[in-house]
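Presented below is the structure to which this report refers.
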Amino acid sequence: MNATSTTQRAVIVTIDTEEEGRWSAAYPRQGNTVRNIARMPRIHAIFERIGARPTYLVDYPVASDQRSCEILRGFTSRGASEIGAHLHPWCNPPFDQADAAGRSATFPHNLPPRLQERKLTALVEEIEKRTGIRPTSYRAGRWGFNHTTVPVLESLGIHADTSVTPLWWDASEGGPQFARAPVVPYRLSRHDACVPGDSGVVEVPTSNLIARWWGEPLEGLTRLIGRRPGMRRILVTLGLRSLRPEQYSLEQMVALSDTMARRGLRIFNIMFHSSVALPGATPYASSAVELDRFCARLEGILLHVRSQLRATPLTLSEVPGFLGDAVLAGHPA
């Protein structure tokens with residue numbers, strides 16, 4: 001199959017829609033500003049020009065800010081986007097002693113399941129109150145996800161998750177471990193989030209794989225041996241890339257998307273953080289010039305997957321229906 005095949009494909013854009021303070025490494029409970037949301041209309045205009053349908057994964061500081069919710073509601077009122085949930089546990093009530101368990105508590109999956117449920121319930125209800133939309137899609141803050149969150153998502157009616165980054169792990173204490181995860185959508189297991197299961201939640205992983213001819217055997221080896229010191233650096237050297245315009249050049253993302261198409265992968269998941277819209281708020285766009293470059297990369301990769309790879313624009317929650325029974329096996333159809 002060549003990269004211009006007519007195989008039915010789809011592109012989603014998943015945006016961590018959050019406060020600026022996420023990049024301070026301090027994880028403050030209060031005083032988080034969300035000035036970046038007022039800058040998002042510039043980026044949303046790119047989606048409307050190209051016909052993309054972004055999913056704004058909203059955390060509590062954004063959901064509790066009326067002006068930010070008005071902006072996001074304006075996007076969705078035109079049928080051009082979706083609002084999902086994004087849990088930053090350090091600034092999402094309710095709080096209890098488990099929140100004081102050091103940096104490991106900033107990963108949602110390290111909290112007791114009951115506290116995960118209480119926090120995510122509070123977030124979903126705040127989003128619904130402010131926007132009139134009840135989220136059915138989710139991404140964990142700091143990618144902090146494992147099987148303990150799956151029953152929580154099911155109980156809240158969330159049926160699409162995008163917390164898993166295949167072939168990646170966080171080496172810090174309590175960090176998520178996704179070395180063994182598939183690169184294709186699959187139903188999550190309630191016992192191990194890195195293997196296909198039979199829950200009611202479909203995992204739509206970020207597009208993270210090795211864009212070289214040796215990619216598939218090397219990915220298989222990584223799943224077999226799991227996390228090893230220095231392994232991530234080796235994988236990046238050997239071609240591990242993501243559809244993340246904050247971090248990768250347009251040429252790298254085009255090469256990755258073409259590799260995905262040749263391998264029969266059907267979902268292109270482009271992700272970034274809303275705070276990139278405010279120059280200086282993230283390490284990815286420290287100036288207006290760098291923001292311009294980010295926007296050019298974002299528009300470029302969207303144009304490529306839409307025009308060259310014929311990808312249909314979807315929101316995150318639409319992916320399970322788009323794939324149908326193909327999602328059950330955890331393999332490309």
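The values are calculated or read from the model by the stated rules, or taken from the named source; none is laboratory data. Remember, it's a predicted structure, so these values are computed and weren't measured experimentally. Glycine gets a Cβ as well: all are built from the backbone with ideal geometry, and neighbour counts include every protein chain shown.
Residues that are in a helix (DSSP H, G or I), more than 21 Å from P93 (Cα to Cα) and in contact with a strand residue (DSSP E or B) (Cβ under 8 Å, 6 or more places away or on another chain): does region 153-168 have at least one?
Here is the first cut: in region 153-168, the ones in a helix (DSSP H, G or I) are 153-155.
From what is left, the residues that are more than 21 Å from P93 (Cα to Cα) are none.
No, there is no match, as no residue in region 153-168 is in a helix (DSSP H, G or I), more than 21 Å from P93 (Cα to Cα) and in contact with a strand residue (DSSP E or B) (Cβ under 8 Å, 6 or more places away or on another chain).
Yes or no, residue by residue, for (1) part of a helix (DSSP H, G or I); (2) closer than 24 Å to M271 by Cα:
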site: P93; (1), (2): no, no
site: D99; (1), (2): yes, no
site: R114; (1), (2): yes, no
site: E117; (1), (2): yes, no
site: A122; (1), (2): yes, no
site: E125; (1), (2): yes, no
site: K129; (1), (2): yes, no
site: I133; (1), (2): no, yes
site: R142; (1), (2): yes, yes
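The criterion of at least 1 residues that are at pLDDT below 95 and either surrounded by 15 or more Cβ atoms within 10 Å (Cβ to Cβ) or under 16 Å from the mean Cα position of the chain (by Cα) (or both) is met, among helices (runs of 4 or more DSSP H) falling completely within region 179-281, by 215-225, 231-237. Every test in (1) within 29 Å of G174 (Cα to Cα); (2) in contact with a helix residue (DSSP H, G or I) (Cβ under 9 Å, 6 or more places away or on another chain) is passed by L278 save one, and that test is (1).
Give, as residue ranges, the helices (runs of 4 or more DSSP H) completely inside region 1-85 that count at least 1 residues that are over 20 Å from H159 (Cβ atoms), of a type in the set (D, E, K, R) and modelled with pLDDT of 95 or more. Counting at least 1 such residues, we get 40-50, 66-77. Consider region 47-74 and keep the residues that are more than 30 Å from A105 (Cα to Cα) and within 19 Å of the chain's Cα centre (by Cα). The one that is surrounded by the most Cβ atoms within 10 Å (Cβ to Cβ) is A52. For the residues S242, S249, S275, the requirement of being polar (S, T, N, Q) and touching a strand residue (DSSP E or B) at 6+ places or on another chain (Cβ under 7 Å) singles out S242. For first residues located in region 295-310 and in contact (Cβ under 8 Å) with a residue 24 or more places away in the chain and buried (at least 18 other Cβ atoms within 10 Å of the Cβ), partners that are outside any helix (DSSP H, G or I) and among the polar types (S, T, N, Q) and lie 6+ apart or on another chain with Cβ distances below 8 Å form the pairs R297/S249; L309/T4.
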